[in-house]
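Here the structure comes first, spelled out in C-alpha cells, and everything after it is commentary.
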Amino acid sequence: MLQSKTRWIVRSSNNEKITQLVDEIHVTPLVASLLVNRGLDNPEEARAFLFNEKQEFHDPYLLNDMDKAVIRIKKAVDAKEAILIFGDYDADGVTSTTVMMKTLQELGANVQFYIPNRFTEGYGPNEGAFRYAHEIGIALIITVDTGIAAIHEASVAKELGIDLIITDHHEPGPELPDAFAIVHPKLGEGSYPFAHLAGVGVAFKLAHGLLGEAPEHLLPFVAIGTIADLVPLKDENRLIVQKGLILLRETENVGLHALLKLAGVDQSSINEETVGFSLAPRINAAGRLDSADPAVYLLLEEDATRAEALAEDIEQLNKDRKELVNTISEEAIRMVEQSFPTKENSCLVIGKEGWNPGVIGIVASRLVEKFYRPTIVLSFDQEKGIAKGSARSIPGFDLFKNLSTCRDLLPHFGGHTMAAGMTLNLTDVDELRLRLNQLAQEQLNEEDLIPITHIDTEISLQDIHIEAIEEMNKLAPYGMDNPKPKVLIKEVNIESIRKIGSEQNHLKLILEHNGTSLDGVGFGLGSVCDHISPVSKVSVIGELSINEWNNRKKPQIFLQDLTIPSWQLFDSRGSKKLMQIANEVPAEQTKWIVFQEQWLAKIQKTLGSSEVLFISSPEVAEKLQLDHCHVVLIDLPPSKEILVRLFSGKKVSRIYAHFYKAESDYFSTIPTRDHFKWYYALLAKKGPFDLKKYGDTLAKHRGWTRATVDFMSQVFFELDFVTMDNGLITLNKSAGNHDLSESKTYQLKHAQLEIEKDLLFSSFHQLKDWFDQVFQETIQ
C-alpha cells in the first residue's frame, strides 16, 4: 500500500452527454468528458468553446458608467487637461497602467501615471497621492486595477476638484466611492455579460470604448495581466488570452523582448505557462521589492538599449525576490510549527517585523501548500504600530466574506474568495487570529483540511494516444476555471521504474495494461521509487503531453501523485543488510519482528532502537495489531503457522521479507525412505555400530554428510528402532511398527525444509501468492 499525497476527487461524468458530444461535434471520448466536466455539455456551447475563431469581444458600453467615463476622458484629451493613471504594483496593475497609458498617448492626451509604493504608501489610492496630484495640476484621475474601496480618497478628490474615474475588478463593498464614474464588471445589475475580467481586462474595455474598436495591438499586455491575476480563463478572458498569446509570439515590443531574453524564453513558443512562470513573476518583482515604475517604463519603452538596462534591473530584483521568499518561508514554517501548530489552528495568522511586505503573498501561498490552512502572513511595522498582510485560502473558506466580518479591525482590506490584502493595527493581530480561527472551525471540517486534487476524468491506457492529446490541447489556454486536465489511470502494471536526475530525485516509469504502455515522468517523486514493489498495480494522476524526440512523437504523462491501494511485498531475502532496509522503510507505522530470541538483542543494537518485537508463539502472533502497518520480518519463523496467525485477517500496508537464517538445510542431503531402509539393513547385518568411530567413514562411503547419518540415527532412536549408548547404536529387534513421520526430529526437519522452500527459496511471485492466501484466511 502507498498513500497518495492528497485526496483525489474525480469529477463525475454524464456518459449520455459525453456520447452526445462525441457524435455531434466529433471529438474523442477524452475531450468530450473534459468538456462535460467543465460544464460545457451543450453541443453548441462546447463547439463555441473549442472553435471560437469567430467570437467577438463584448460591447464595452454594457459596462457600468462606460459612457460617462469615455465622454469625460475624451473631453480631457481635447482640452489638454492633465490626466493621471493611478495603478497598482502587481503584474495586473502594471499591465493595466501600460494599456491605459498607451491608449491615451495614442489619443494625444496629456497623461502620466502614478503607482503607489508598496512600502511607504501601501495598497490602493491614498490621500497623500491625491493631494500631490492636485499640486501638479491633475484634473482627472483614472484608477486601474484599484479604487473600488477608496471611499475616503474619492471624497478627497471631490474636495480638491479632481474628477475621479475608477476602473477595477475587485469585490465591491457595501458602500461605493463617490466617484465621477465607476467602470466595474460586477456593477450595473449584471448588464455586462462577463463579471470576471482582470483589472487589465477592464482597462482594455475602456480602451475599446475610447478608440471605437477593440485595440488588439494591446492584447499582449492584457494577456499577461489576465494570466498573472489568476482570473477565470473562460468567456472573454479566454478570448483575450488566446489572441494575446498569438500576438506575444510576434510582438516587437522592445521591453518584452529584453525580458524574454533574460528569462531564456523562446518567443515563438510562448504559452500561458511561459507568462505565468517566467514573465509575470519578473514584472511582479519590481513592485514587490521596490517601485513598480520601472516595470511600466519597460513596457512603454521604445529604445532597445534602455529597455535592456531596465530589464536587467528587474531581473536582479527577481533573483533577490527568490532569495527573500526562501528565507522568509523557512522562518514562517518554523514559526507555525513552534508557535501555531495546525492541530490547534484551523487558520494561520503569523507575522514578524522585517518581513518584506512585497513577498509575503508568495510566502502565504507556500504555507498554504505546506500546511493546507487559510493563511495570513503579516509584516510588522513597530514604529507605525501597523501590520500589512497578504492572505491565501483553501476551498471552503471565503476570505473576502470572512474578512468582511472583521471590518472593525481592518481599516484597509480588499481581495477575492481565495486571496486578499489588508492593513491593521498591531494591537489587533491577536484578535484577528482568534476571530478567523473561530470562523474556520465553524466552516471547515476535518476532511476540508486535507489537500484536494480535482481530477477531470478517469482514462484507460488504450484511450491515450497522440490524436486524443492533440485534440485535448484545443482546450488551452489553461488557467483558473479551465485548468490543465488531470487524468486518473487506475490500477495498471509497472513495466519498469527507476530514479533519474543528478540527485536521483525524479521518477521515470513505464505503465502497462493489456499490451498498451505509457511513459511517465514524476519530477520530485524519486523517493517514491523505494516504496513501490515491482509487481504492484499502481494508480496515477497527472497531465498528459506529447514527447517529441528525434522527430518521433509519443504520448506521456507528467506524474503528480500516485497510490497503491493493496498491500505490497518487498523482497530483501539474502540481498540486503538490515540497515539498508531501515533506510528504505517509512519511519512511522513500522513493526520490526524477530522469531528467534537469540537475535533480539543484536537486532536492537544494529537498529539502534528497542522497537523490535519478539514473537514467541502463534498465540502472541495472533494478538499483535498490524492493520495499516509496515512489517519487517527479520528472520525465518520456526513454523508457517506462526506467520499464518500473525497475518490472517489483518490489513497490513507492506511486508518486508528478510528471513535471515544462519545456516540452511535446504541444499543438504535429505534422506529418503530408501536411505533409511538401507541404513536399517546395515544395522541389522553388522550389529552394533560405533558412530563415533565409523560415522564419518559411512557418510563418505554413501556420499552423505555426517549430519545426515546423525539425523537418521536420531529418528531411529525416537521411534525405538535402536538403542544408543555413548555413540554405539544397536538395533532393537523387539521394536514395533512406526512410520518415520512419527519422529519429532523427522517432523521438524521436514517442516523446516517446507518453510525454507515456501518462504526462503521461493520466487517473488510464489511468496506473494502465499501471503495473499494467508490474508484471505480467518483463524477459527
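Label Thr342 and Tyr297 with points 7 Å out from Cα along Cα→Cβ: what is the distance between them in nm?
Here the answer is 4.4 nm between the modelled labels.
Output the antiparallel fraction of DSSP beta bridges having both residues in the range 633-745, as a percent to the nearest 5. Can you show the working numbers first?
Numbers: 6 of 8 bridges.
Here the share of antiparallel DSSP bridges comes out near 75 percent.
With all protein chains present, how much of the accessible area of the range 185-286 (probe radius 1.4 Å) comes from carbon and sulfur, to the nearest whole percent?
Carbon and sulfur atoms account for 49 percent of the accessible area of the range 185-286.
Normalised by the empirical 2.2 N^0.38 Å for globular proteins, what value does the Cα Rg of the range 504-604 take?
Ratio of Rg to 2.2 N^0.38 Å for the range 504-604: 1.42.
On full extension of the chain, what length is gained from Asn425 through Asn445, given 0.36 nm per residue of separation minus the C-alpha to C-alpha distance?
Working: separation 20, 0.36 × 20 = 7.20 nm, distance 3.03 nm.
Working it through step by step, the gained length comes to 4.2 nm.
Taking each pair of distinct Cα atoms in the range 395-539 once, what is the resulting Kirkwood hydrodynamic radius in Å?
About 19.6 Å, per the Kirkwood formula over Cα pairs.
Report the extension gain between His26 and Arg702 in nm, rounded to one decimal, defined as 0.36 nm multiplied by the number of residues separating them, less their alpha carbon distance.
Here the segment from His26 to Arg702 would lengthen by 235.3 nm.
May I ask for the net charge around Ala79, where only other residues with Cβ less than 14 Å from the Cβ of Ala79 are counted and Lys, Arg are +1 while Asp, Glu are -1?
Within the 14 Å Cβ shell, the charges total +1.
Once you sort the root eigenvalues of the Cα gyration tensor of the range 239-282 as a ≥ b ≥ c, which label holds: rounded (a/c under 1.5), prolate (a/b larger than b/c) or oblate (the other case)?
Oblate, because a/c is 1.5 or more while a/b does not exceed b/c.
How much space per residue, in cubic angstrom, does the convex hull of the C-alpha atoms of the range 8-155 take up?
Enclosed volume per residue, from the Cα hull, is 184 Å³.
Rounded to two decimals, what is Rg over Rh for the range 121-259 when you use alpha-carbon atoms and the Kirkwood radius? Intermediate results must be reported in sequence, preceding the final value.
Numbers: Rg = 16.3 Å, Rh = 16.2 Å.
Rounded to two decimals, Rg over Rh is 1.00.
Considering only protein heavy atoms and a probe of 1.4 Å, how much of the accessible area of the range 658-780 is carbon and sulfur, as a whole percent?
Of the solvent-accessible surface of the range 658-780, carbon and sulfur hold 50 percent.
At a 1.4 Å probe radius, carbon and sulfur cover how many percent of the accessible area of the range 1-157?
For the range 1-157, the apolar C and S fraction of the accessible surface comes to 50 percent.
Taking only protein heavy atoms and a 1.4 Å probe, what accessible area per residue, in Å², does the range 58-193 have with all protein chains in place?
Numbers: 5070 Å² over 136 residues.
On a per-residue basis, the range 58-193 sits at 37 Å².
With a sphere of radius 14 Å drawn around the Cβ of Asp519, what net charge do the other residues whose Cβ falls strictly inside it have (Lys, Arg +1; Asp, Glu -1)?
Net local charge, Asp519 excluded: +1.
Please work out the Cα convex hull volume for the range 392-447 and give it in Å³ per residue.
That works out to 73 Å³ per residue.
Once you have the Cα-Cα distance between Lys623 and Arg306, take 0.36 nm times their residue separation minus that, and quote the gain in nm to one decimal.
106.4 nm
At q = 0.23 Å⁻¹, what log₁₀ I(q)/I(0) does a Debye calculation on the Cα points of the range 1-68 give, no solvent, two decimals?
Treating every Cα as an identical point scatterer, log10 I(q)/I(0) equals -0.91.
Classify the range 88-181: rounded, prolate or oblate, from the alpha-carbon gyration tensor (a ≥ b ≥ c, eigenvalue square roots; a/c under 1.5 rounded; otherwise prolate if a/b is larger than b/c)?
Numbers: a/c = 1.36, a/b = 1.12, b/c = 1.21.
Rounded, because the longest to shortest axis ratio a/c is under 1.5.
Evaluate the Debye formula for the range 645-770 with equal point scatterers sitting on the alpha carbons, no solvent, and hand back log10 of I(q)/I(0) at q = 0.09, 0.11, 0.13 Å⁻¹, in q order, two decimals.
-0.37, -0.51, -0.65
Report the per residue volume, in Å³, of the convex hull enclosing the C-alpha atoms of the chain.
224
Return the inverse of the average 1/r over all pairs of distinct C-alpha atoms in the range 703-760, which is the Kirkwood hydrodynamic radius, in Å to one decimal.
By the Kirkwood definition, the hydrodynamic radius is 12.6 Å.
Given labels modelled 7 Å from the Cα in the Cβ direction, how far is it in nm from Asn493 to Ala263?
Simple spin-label model gives 4.4 nm for this pair.
Can you tell me the alpha carbon radius of gyration of the range 446-515 divided by the globular rule-of-thumb value 2.2 N^0.38 Å?
Computed over Cα atoms of the range 446-515, the ratio equals 1.41.
Taking R0 as 56 Å, what FRET efficiency do you get between Glu216 and Phe764 from their Cβ-Cβ distance, rounded to the nearest 0.05?
That pair, Glu216 with Phe764, gives E of 0.35.
What is the calculated FRET efficiency for Asn505 to Gln105, with r their C-beta to C-beta distance and R₀ = 60 Å, to the nearest 0.05?
For Asn505 and Gln105, the calculated efficiency is 0.75.
Hey, with R₀ at 41 Å, roughly what FRET efficiency would Asn473 and Arg131 work out to, going by the Cβ-Cβ distance, to 0.05?
The pair Asn473/Arg131 has a calculated efficiency of 0.20.
Run the Debye formula on the Cα coordinates of the range 194-334, all scatterers equal and no solvent, and tell me log10 I(q)/I(0) at q = 0.14, 0.17, 0.21 1/Å.
-0.68, -0.96, -1.31
Please give the per residue accessible area of the range 328-377, computed with a probe of 1.4 Å over protein heavy atoms only, in Å².
With the other protein chains kept in place, the range 328-377 gives 42 Å² per residue.
How long are the three semi-axes of the equivalent ellipsoid for the range 101-156, computed from the Cα gyration tensor as the root of 5 times each eigenvalue, in whole Å, largest first?
20, 13, 11
List the GluC sites (Glu not before Pro) within the range 531-640 that fall in a DSSP loop (any state other than H, G, I, E or B) and whose Cβ has at most 11 other Cβ atoms within 10 Å. Display every interim value, and only then the final one.
Values: sites: Glu543, Glu548, Glu584, Glu588, Glu597, Glu611, Glu619, Glu622; in loops: Glu588, Glu611.
The qualifying sites are Glu588, Glu611.
7 Å from Cα along Cα→Cβ at both Lys370 and Gln580: what's the point-to-point distance in nm?
3.5
For the range 586-637, what is the Kirkwood hydrodynamic radius in Å, using each pair of distinct C-alpha atoms? List each step's numbers first, then the result.
Working: mean 1/r = 0.0874 Å⁻¹.
Value: 11.4 Å, from the Cα pair sum.
Using only the alpha carbons of the range 442-482, determine the length spanned along each of the three principal axes and report them from longest to shortest in whole angstroms.
48, 25, 9
May I ask what percent, to the nearest 5, of DSSP beta bridges between residues of the chain are antiparallel?
Percent antiparallel among DSSP bridges in the chain is about 50.
In the structure displayed, which of Lys686/Lys733; Lys54/Lys102; Lys537/Lys768; Lys591/Lys640; Lys474/Lys499; Lys102/Lys474 lie more than 24 Å apart, Cα to Cα?
Listed pairs above 24 Å: Lys54/Lys102; Lys474/Lys499; Lys102/Lys474.
Could you let me know the centre-to-centre spacing of the range 540-564 and the range 388-415, using Cα atoms, in angstrom?
Each part's Cα centre sits 39 Å from the other's.
Compute the accessible area per residue over the range 409-526, keeping the other protein chains in place, probe 1.4 Å, unit Å².
48
For the range 301-373, what is the convex hull (Cα atoms) projected area averaged across all directions, in square nanometres? Intermediate values should be presented prior to the final figure.
Details: hull surface 23.9 nm².
Directional mean of the projected Cα hull area for the range 301-373 stands at 6.0 nm².
Let me make sure I get this right: for the range 565-696, a, b and c are the square roots of the gyration tensor eigenvalues over alpha carbons, sorted descending. Under 1.5 in a/c it's rounded, otherwise prolate if a/b > b/c, else oblate. Which is it?
Verdict is prolate for the range 565-696.
Counting residues in the range 339-394 as N, plug N into 2.2 N^0.38 Å and put the Cα Rg over that result. Don't jump to the answer; show the numbers that get you there.
Numbers: Rg = 11.2 Å, N = 56, 2.2 N^0.38 = 10.2 Å.
With N residues counted in the range 339-394, Rg over 2.2 N^0.38 Å equals 1.10.
The values are calculated or read from the model by the stated rules, or taken from the named source; none is laboratory data. Source: prediction; values computed, not measured. Neighbour counts run over all protein chains shown; Cβ positions are idealised from the backbone, glycine included. The protein model used for the area step is the full one, side chains on, heavy atoms only, and it has no ligands, DNA or RNA in it. Shrake-Rupley method; radii C 1.70, N 1.55, O 1.52, S 1.80 Å.
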